[in-house]
Structures are given as structure tokens and as C-alpha cells.
1. Looking at region 96-114, which of its residues are surrounded by fewer than 16 Cβ atoms within 10 Å (Cβ to Cβ) and in contact with a strand residue (DSSP E or B) (Cβ under 8 Å, 6 or more places away or on another chain)?
2. Applying the selection to region 14-27, what residues are touching a residue at least 12 places away in the same chain (Cβ under 8 Å), farther than 16 Å from Gly46 by Cβ and part of a helix (DSSP H, G or I)?
3. Give me the residue from region 104-142 that is among the aromatic types (Phe, Trp, Tyr) and modelled with pLDDT under 90 and, out of that set, farthest from Ile8 (Cα to Cα).
4. For residues in region 62-92 being touching a helix residue (DSSP H, G or I) at 6+ places or on another chain (Cβ under 7 Å) and hydrophobic (A, V, I, L, M, F, W, C), which is modelled with the lowest pLDDT?
5. Restricting attention to region 1-37, and to residues there that are surrounded by 13 or more Cβ atoms within 10 Å (Cβ to Cβ), within 23 Å of Asn109 (Cβ to Cβ) and among the hydrophobic types (A, V, I, L, M, F, W, C), which single residue is modelled with the highest pLDDT?
Amino acid sequence: MGYPVLHIFKSCVKAIRAGKLVRRVSATDKEYHFQSWFEECLREAGVACVSGGRNRYPDFWLANAPEGYELKALAYPGRDRDFDSNSQVPTGWHQGRTIYYVFGRYPQNTAQESYPLLDFVICHGDFLNSDHEYIHKNESIK
């Protein structure tokens, strides 16, 4: 397959150009709609993957290549300078795999059950943080 990330990006762009919408299941669950949309694009591209499940890092592992994909859905208008990374600091390398971040921006104030992606980006995790030595202490302070 060569470079799976390029094949995946092309598949997603093709879906966007074809008008493939993100389908909302509930009003409160925003990020997982984008994950479902992305997983459909992976299937349509013939890319075998394993979903990490909720609150797992990364969201998807490729079955036939050492790559992982972490998805971030962002409302617009809304945050434009940051995103939540919760307990895992962004990086381009995790457990022997290259990690890519997939950002999808969607309309914030929509009552529709389906909506388009406004922006779509795939970037290497090292673009966000190239320090592979940092180990995050996930401590909760109340």
C-alpha cells in the first residue's frame, strides 16, 4: 500500500468532496460521530483497522501497518487555538507505531442530524510534540 496515511487522507478528501456527512446519533456525543465517519472512510479505502474504543489511545490502529490515528472533533465557531488531549500528551510515536492526529471541524450551532466537515487535517504527532521522552503523570487534582 505504500504510505497508508496518504491513501487514508485521499479517501477522506474524496468523501468530503462527495458530500459525505457526519451523522449525529445524539446531541451530546460529538466526537464519536466523527470517529464513525472516519472509520467508514477507512473501510471504503480498504484499510483494515482496529478501533481502540472509547477513552483509548489512539482511537484507531491499522492492522497491516505500524500506524495509529487519534481523532479530534472541534466545533466552529469555538476553540481555535487548542484542543483536549486528556491523559495522553500528543506525540508521533506510541508503542512502536507512528501516530497521526486527525482533526475535523464541524458547525457548532446546528440542529441537524447530519452535517458537513468544515475543515479536515491529518498531521504527524511530532508536529504537535516531538519530545518522545516525556512521560505524563496523569494526576487528578480536586
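The values are calculated or read from the model by the stated rules, or taken from the named source; none is laboratory data. All values derive from a computational prediction rather than experimental measurement. Every residue, glycine among them, receives a Cβ derived from its backbone with ideal geometry; neighbour counts consider all protein chains shown.
1. Once the filter is applied, which keeps residues that are surrounded by fewer than 16 Cβ atoms within 10 Å (Cβ to Cβ) and in contact with a strand residue (DSSP E or B) (Cβ under 8 Å, 6 or more places away or on another chain), region 96-114 yields Pro107, Gln108, Glu113, Ser114.
2. Ile16
3. Going through region 104-142, the residues among the aromatic types (Phe, Trp, Tyr) turn out to be 106, 115, 120, 127, 134.
From what is left, the residues that are modelled with pLDDT under 90 are 106, 115, 127, 134.
Details: Tyr106: 20, Tyr115: 21, Phe127: 18, Tyr134: 29 Å.
Applying the filter and picking the extreme gives Tyr134.
4. Quick first cut of region 62-92, residues touching a helix residue (DSSP H, G or I) at 6+ places or on another chain (Cβ under 7 Å) only: 62, 65, 67, 71, 73, 90-92.
Cutting the leftovers down to hydrophobic (A, V, I, L, M, F, W, C) gives us 62, 65, 71, 73.
Working: Leu62: 91, Ala65: 88, Leu71: 89, Ala73: 83.
Going through the qualifying residues, I end up with Ala73.
5. This residue is Ile16.
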